[in-house]
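One structure is given here, and the rest of the page talks about it.
The values are calculated or read from the model by the stated rules, or taken from the named source; none is laboratory data. The structure displayed is predicted, hence computed values, not measured ones. FYI the Cβ positions are ideal-geometry reconstructions off the backbone, even for glycines, and counts take in every protein chain you see. These area figures cover heavy atoms from the full protein model, side chains too; ligands, DNA and RNA do not enter into them. Shrake-Rupley method; radii C 1.70, N 1.55, O 1.52, S 1.80 Å.
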Amino acid sequence: MKISMIVAYGKNWEIGLDNQMLWHISEDFKNFKTITSGHHILMGRKTFESIGKPLPNRTSIVLSNSGFECDGVYTFNDIQESINFARESGEEELFIIGGANIYETMFPYVDKMYLSEVNFDGKADAFLKKIDFSTWDLTEKKEYDAIIVDEKIKSPAWKFKVWIKKD
Ligand SMILES: NC(=O)c1ccc[n+]([C@@H]2O[C@H](COP(=O)([O-])OP(=O)(O)OC[C@H]3O[C@@H](n4cnc5c(N)ncnc54)[C@H](OP(=O)(O)O)[C@@H]3O)[C@@H](O)[C@H]2O)c1
C-alpha cells in the first residue's frame with residue numbers, strides 16, 4: 001500500500017488558523033475530492049473537527065488519544081494500527097490529509113505528495129514542516145491563476161505539484 005500526503009500551503013508553509021483553512025480555492029477542493037475519492041483518508045482529531053463530518057465516498061480514519069468517537073469514522077490511538085487497518089481493508093493508496101501534527105508524524109512514511117502551493121502570505125497558527133525536495137522527483141505540475149472579482153482577490157493563484165520519493 002502506498003502512503004500519500006495531500007496538503008495546500010502558503011508562502012511561509014502556513015496551512016491553517018483557528019482550526020480553519022486560510023483560503024477558499026474551489027478548484028483545489030475539487031482536485032482534493034477527485035484525488036481522494038474511493039480511498040481511506042487519515043487525519044488528526046482537530047482536522048476532523050474542522051471538517052465536521054466524514055467526507056462522502058471515502059473511509060475516514062481519525063487519530064486521537066482523547067477518546068474521540070463519531071459515527072462513520074474509524075478512530076485509532078496508534079499510527080501503526082491505523083495504517084494496518086487501511087492496508088487490511090485492501091487499500092492501495094492511503095491519503096494523509098492533515099493537520100500539521102499528523103503531517104509531521106506521518107512524513108517518514110510518505111511515498112507520494114500532492115502539494116498545492118498557494119500564493120498566500122498571512123497570519124497562521126498551523127504550519128507544515130519545511131520539505132527538502134532533493135529526495136523527491138517532480139512528476140506533475142500545473143499552474144492556476146488568481147480569481148479576481150470587483151478588483152479583489154477572490155481566490156489566490158496556486159501551483160499543483162505531485163512528487164514521488166526517490167528510491
Ligand atoms: N491546508 C491544508 O491542506 C490543511 C489540511 C488539513 C488541516 N489543515 C489545518 O491544520 C490545522 C490542524 O492541525 P493540528 O496540527 O492543530 O491538528 P491535527 O493534526 O489535525 O490533529 C491533532 C490531534 O490528532 C491527535 N493525534 C496526533 N498525533 C497522534 C498520535 N500519534 N496518536 C493518536 N492521536 C494523535 C490528537 O488528538 P486528541 O487531542 O484527540 O488526542 C491531536 O490533538 C487546522 O488549522 C486545519 O485547518 C490544513
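When region 13-34 is filtered for residues that are part of a helix (DSSP H, G or I) and open to solvent by less than 30 Å² (accessible area, probe 1.4 Å), only Asp28 remains.
Checking Arg58, Arg87 one by one, the residue that is away from the ligand (no atom under 11 Å from the Cβ), farther than 24 Å from Tyr9 by Cα and among the charged types (D, E, K, R) is Arg87 and no other. Being of a type in the set (Val, Ile, Thr), within 18 Å of Val162 (Cα to Cα) and within 15 Å of the chain's Cα centre (by Cα) holds for only one residue in Ile51, Ile6, and it is Ile6.
Counting residues that are of a type in the set (A, V, I, L, M) and open to solvent by less than 60 Å² (accessible area, probe 1.4 Å), which strands (runs of 3 or more DSSP E) fully inside region 50-129 reach at least 3?
Of the strands (runs of 3 or more DSSP E) lying wholly inside region 50-129, those with at least 3 residues that are of a type in the set (A, V, I, L, M) and open to solvent by less than 60 Å² (accessible area, probe 1.4 Å) span 59-63, 112-118.
When the test is whether a residue is more than 30 Å from Asn84 (Cα to Cα) and among the hydroxyl-bearing types (Ser, Thr, Tyr), Ser26 passes it.
Select from region 133-162 the residues that are part of a strand (DSSP E or B) and closer than 16 Å to Asn31 by Cα and list them in ascending order. Glu140, Lys141, Lys142, Glu143, Tyr144, Ser155, Trp158, Lys159, Phe160, Lys161, Val162 - these are the residues of region 133-162 that are part of a strand (DSSP E or B) and closer than 16 Å to Asn31 by Cα. Screening region 130-167 for residues that are of a type in the set (A, V, I, L, M) and over 15 Å from the mean Cα position of the chain (by Cα) and picking the one that is most open to solvent (accessible area, probe 1.4 Å) gives Ile153.
Looking across region 97-154, just one residue is without any contact (Cβ under 8 Å) to a residue 12 or more places away in the chain and within 26 Å of Glu49 (Cβ to Cβ), and that is Pro108.
Please work out if Glu49 is within 12 Å of the ligand (Cβ to nearest atom), within 20 Å of Trp136 (Cα to Cα) and of a type in the set (Asp, Glu).
Against the criterion (within 12 Å of the ligand (Cβ to nearest atom), within 20 Å of Trp136 (Cα to Cα) and of a type in the set (Asp, Glu)), Glu49 does not qualify.
Which ones in region 35-46 are within 14 Å of the ligand (Cβ to nearest atom), open to solvent by less than 50 Å² (accessible area, probe 1.4 Å) and closer than 18 Å to Thr105 by Cβ? Hits for region 35-46 are Ile41, Leu42, Met43, Gly44.
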